[in-house]
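Taking it in order: structure first as structure tokens, then the write-up.
The values are calculated or read from the model by the stated rules, or taken from the named source; none is laboratory data. None of these values were measured; they are calculated from a predicted model. Cβ: placed from backbone, ideal geometry, glycine included. Neighbour counts: every protein chain shown. We work out accessible area using only protein heavy atoms, side chains counted, and drop any ligands, DNA or RNA first. Shrake-Rupley method; radii C 1.70, N 1.55, O 1.52, S 1.80 Å.
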Amino acid sequence: MDRTEELFNKLLDEHPPELVLGALDEMSRMNREELVALDKLCEVINRAEAAEIEKAKEHQPD
């Protein structure tokens, strides 16, 4: 199984198939610059989520 298939299967495990397929359909219409911008946005969101998780862990009693 290649990385693309692995990621696709992970998306399907975590989200409704209609949502995943709809997002892929929209992405197929984007040009390269739009896809690069979307990638950067996803990176920012992922970093923010990771920071929130770390912050929550710090506030949990041991």
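Things to note:
- Those residues of region 32-62 which are within 25 Å of Glu5 (Cβ to Cβ) and open to solvent by 70 Å² or more (accessible area, probe 1.4 Å), in sequence order: Arg32, Glu34, Asp39, Lys40, Leu41, Glu43, Ile45, Asn46, Glu49
- Filter result (assigned to a helix (DSSP H, G or I) and open to solvent by less than 100 Å² (accessible area, probe 1.4 Å)) within region 5-20: Glu5, Glu6, Leu7, Phe8, Asn9, Leu11, Leu12, Pro17, Val20
- Among the residues making up region 21-39, a single one is under 11 Å from the mean Cα position of the chain (by Cα) and either charged (D, E, K, R) or not in a helix (DSSP H, G or I) (or both): Asp39.
- Filter pass, Met1 being open to solvent by 90 Å² or more (accessible area, probe 1.4 Å), part of a loop (DSSP other than H, G, I, E, B) and touching a helix residue (DSSP H, G or I) at 6+ places or on another chain (Cβ under 9 Å): yes
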